[in-house]
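To start, the structure under review is shown below, and the notes come after it.
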Amino acid sequence: MSSSSLGIYIDEGLIKYAKLVQDNDNIKVESYNIVFFENLKSEIEKIIAETGSFKIPIIVGLSSQMLNDPKQLKRTENAFTGKKIKTIKLVSDSLVNIVDSNLHENVAIIDLEKQTSITTIYKGNVVAYEVLDLGMEQILEKITEVENSERKSYEVCKNTTIYTNETNDFYSNGNEHISDIMPTLQKIIYEVKNYIDNLTIDINEIYLSGLGSAINNIDLYFQEYIPDKICEILKPAFIENNNFLLKDYIEVNSAIGLALDGLENKPNNVKVKDEKVTKKEKKKYGAFDKLLVRINVILILFIGVYLIFSSFIMNRINSMNAEIESSISTLDSEIDKANSDVDKIKSQAEKYAKLTEKVNNMSNTEKEKISKGAIPNALKSIANVVPKEVKILSIKNVSGKHVVIEVSASSYDQIGAFSAAISNGSIMQNVKASDGESVGNSNQVINANEDWIYVTIEGDIQ
């Protein structure tokens, strides 16, 4: 026998739906999704059209808050006008459908939707139902302040991983909003534990479902704070654990549970029982207990801020180290170039020093050769400029290039012309002449009838 049904769970701005098809004892999920909406009626029409659910039973589930609000209930009924709606009911009553029917343990289902609800199953019967004031609504609102989208906020939760005390990577990539999640989650765990501890029956297992169950490792986090219970994610009993879509199906547990109510051969026998289990007399939690909760929340936030700040500082330090290493490498390269230039300068300086030493160490003989070579040249130059009226009596090389010339002439003008000629002709420098001496005839004079003037001229050959 084959049958189909569509389960739709509606919360504030949120719809979860799943269409199931049953063939004898085999059940499969044909279509499913989570939708964030603005117009309920148009979104319902779209879902029914896309799933082809015009002629199959539709089971609608609401949170207790919406079900007890006449305006919300009326709006929901109007959205399904003309549709084959079977019933509108409390979603938790159908959530028990996906629990294993062979389970004999006492179970608490924690439905982490916008409101958190606790459904208690005792010996195959729902015996207690509780709604907490806290839920995913507070977490999503906090994240939406940054992300500006409830859809994005839900995706943030799906990509967040909670690490327990056994790990130290609490603020890894993808956990940017962990500080928006943990304070509310810590309070939810505290209230869940307090509620279960005060039941008159012993709970063996805790199943987690709803939006919050999409947070990675949330079951381990619950287990850490409620160690005496088995804490697991609620999985539809008819779906194999190795199904690669299992995690997606878990996100729409509530819709699958509602759809199971619409099948002709419902596979589960968990019943909602009128008899309600009582609670133990509540412990009186005073200011000290509340203070401990606040301290835990503050510590988590402090650790979060510390780790984020430490990560920033380490990244900055690593960046600065990289810059320093780059600067050192550049400086080393420049130093190597400078050292190379210094070596070249030293080499050239050594060559220059050797040349200087060679020049300084030239023998006096070589210098004299240079000097002696200059004197004959100078004599030729003097011979070319000496006036006919001037008689050179002697030329002496006193020292180095310094020479003394004795001349005679009949007048001072002739001697002056000669002195000027050897100075201006670049033959001699530092030329000086004596005052001169006038004498009578001698055997050294050409014309014995005239008086002659004797002058000594000295200077340095150029």
Nearest-0.05 FRET efficiency for residue 326 and residue 242, computed from C-beta distance (R0 45 Å): 0.30
14 Å reach of a label modelled at residue 315, 7 Å along Cα-to-Cβ, counting backbone N of region 174-205: 174-177
Prolate/oblate/rounded label for region 59-142 (Cα gyration tensor, a/c 1.5): oblate
Positive-pole candidate from 122, 318, 378, dipole of the chain, charges at beta carbon: 122
Residue 228/residue 65 FRET efficiency (R0 30 Å; Cβ-Cβ; nearest 0.05): 0.45
For the chain, Kirkwood radius (reciprocal of mean inverse C-alpha pair distance, Å): 31.4
On Cα atoms only, tilt of 287-360 relative to the major axis of the chain in degrees: 20
Extension gain from residue 26 to residue 344, taking 0.36 nm per residue of separation minus the Cα-Cα distance: 105.3 nm
The chain: antiparallel DSSP beta bridges as a percent of all, rounded to 5: 70
Charge dipole (the chain, unit charges on Cβ, about Cα centre) - positive-most of 27, 462, 194: 27
Fewest-first sequence of 80, 312 by Cβ atoms within 10 Å of each Cβ: 312, 80
Inter-centroid distance (Cα atoms) of region 206-272 relative to region 34-68, Å: 21
Straight-distance crosslink candidates among aspartates and glutamates, where the alpha carbon sits under 18 Å from residue 354 and sequence neighbours closer than 8 are dropped: 343
Region 2-283, dipole about Cα centre (Lys/Arg Cβ +1, Asp/Glu Cβ -1), debye to the nearest 20: 980
Neighbour-count order for 3, 394, 254, fewest beta carbons within 10 angstrom listed first: 394, 3, 254
Residue order, fewest to most surrounding Cβ atoms within 10 angstrom, among 177, 402: 402, 177
Extension gain (nm, one decimal) between residue 333 and residue 423, 0.36 nm per residue minus Cα-Cα: 26.3 nm
Pairs beyond 21 Å (Cα-Cα), from 41/158; 358/401; 89/266; 71/152; 114/247; 114/187: 41/158; 358/401; 71/152
For region 1-118, diffusion coefficient by Stokes-Einstein and Kirkwood Rh (Cα), 20 °C, 1.002 mPa s, µm²/s: 140
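Bear in mind that the values in this text are calculations on the coordinates, not laboratory data. Note that the structure is a prediction, hence the values are computed from the model and not measured. Cβ sites come from the backbone with ideal geometry, for glycine too, and all protein chains shown count toward neighbours.
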